[in-house]
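Working notes, beginning with the structure itself.
The values are calculated or read from the model by the stated rules, or taken from the named source; none is laboratory data. As the structure is a prediction and not an experimental result, all values here were calculated from the model. Using ideal geometry, Cβ is built from the backbone for each residue, glycine included, and neighbour counts are taken over all protein chains shown.
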Amino acid sequence: MNRLKLKKVSFKSWYKNQLTRSQKIFFFAFIVNAISVLLVFHGLFALLFKGRDGFLSLDKFTNQTNILIFFFSLFYVFFPKHSFLKNDKFLIACITYIFITFFVYNLVSITNAVAVIVAPKSILAWSYTRIGYGSKATAFLLFIDLFKHLFNPIVFIVCGFFKFVHDPNLKLKKFSSYLLPMMIYPAIYCVYVIVAPFIYKQENGMTYSVYNVSTNTKDYPQFAYPVVFFLLLVLIPVTTYLTWFGARKISKKYEQNQVVINPQN
């Protein structure tokens, strides 16, 4: 009993005395992110249980970004002096990537839902039950989708910007020093998305595409290539800039809150 009590007090002491305010905020994000990672692995094991390729789950940008932000929260809360966190590049990258997940998926879902009402015979209305929230067959699958595409991204983005309120970074470097390294992962991912239809096939022999027609560069190149390059060359740079700009503005506004993280943490 005494040993259990000591551990409980120790956790409270660690949380209260060792964590900065921004780390306490990210401790909440860490818990939410961890739940999302469990949901990602639920999808992975569900595929494996059905005898299907688990990579069909892991190659989704949604799942990769949900896992990525979990690792940021893990490092920020438990290893705050790690070099990964230097100059907030990791944080700005994570906010950018998870915003793309949030924005694109919800835009597609909302557009398809509106089309069902406004233009029920359109291809967008047809897509409602195949892409986005409307495609989920059960309440639990809808919950997973909402958690990974809506709740988890919003929690992380809000916590990410609150970090600059409670622990402003007054030494953010110029935008280009953030953009160039942040383009590496999306560029590699886009190469995979472009090449995948030419290499992989589904069980029924049809072309495999990570995101159906949107990334099927083999069968629908006139549509898929513009989508992929718009995401890579327009949406990601613009989102990165807005994230960097927001972080800089918030940091300057709350510069009086600048803190030094306890090196013993």
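Suppose we keep only residues that are of a type in the set (F, W, Y) and under 20 Å from the mean Cα position of the chain (by Cα) within region 98-150. Which one would you say is farthest from P186 (Cα to Cα)?
Result: F143.
Scan region 244-260 and report the pairs whose first residue is in a helix (DSSP H, G or I) and whose second residue is of a type in the set (F, W, Y) and at pLDDT 80 or above, with Cβ atoms within less than 6 Å and a gap of 6+ or a chain change.
What qualifies is W244/F175; W244/Y178; A247/F164; I250/F164; S251/F164.
Could you check W126 against (1) modelled with pLDDT under 95; (2) buried (at least 19 other Cβ atoms within 10 Å of the Cβ) and say which number it fails?
Of everything listed in (1) modelled with pLDDT under 95; (2) buried (at least 19 other Cβ atoms within 10 Å of the Cβ), W126 misses just condition (2).
Just to be sure I understand, how many residues within region 148-172 are assigned to a helix (DSSP H, G or I), out of contact with any helix residue (DSSP H, G or I) (no Cβ under 6 Å at 6 or more places or on another chain) and more than 19 Å from Q23 (Cα to Cα)?
2
When you go through N63, N17 one by one, which is the residue that is among the polar types (S, T, N, Q) and surrounded by 13 or more Cβ atoms within 10 Å (Cβ to Cβ)?
When all the criteria are applied, what remains is N63.
Is one or more of the residues making up region 192-202 closer than 30 Å to V77 by Cβ and either among the acidic types (D, E) or part of a helix (DSSP H, G or I) (or both)?
No: region 192-202 contains no residue that is closer than 30 Å to V77 by Cβ and either among the acidic types (D, E) or part of a helix (DSSP H, G or I) (or both).
Would you confirm whether any residue within region 11-22 is modelled with pLDDT under 95, in contact with a Cys (Cβ under 9 Å, 6 or more places away or on another chain) and in a helix (DSSP H, G or I)?
First pass over region 11-22, keeping only residues modelled with pLDDT under 95: 11-22.
Keeping just the survivors that are in contact with a Cys (Cβ under 9 Å, 6 or more places away or on another chain) gives 22.
Then drop every residue that is not in a helix (DSSP H, G or I), which leaves 22.
Checked against the condition, which is being modelled with pLDDT under 95, in contact with a Cys (Cβ under 9 Å, 6 or more places away or on another chain) and in a helix (DSSP H, G or I), region 11-22 yields at least one hit.
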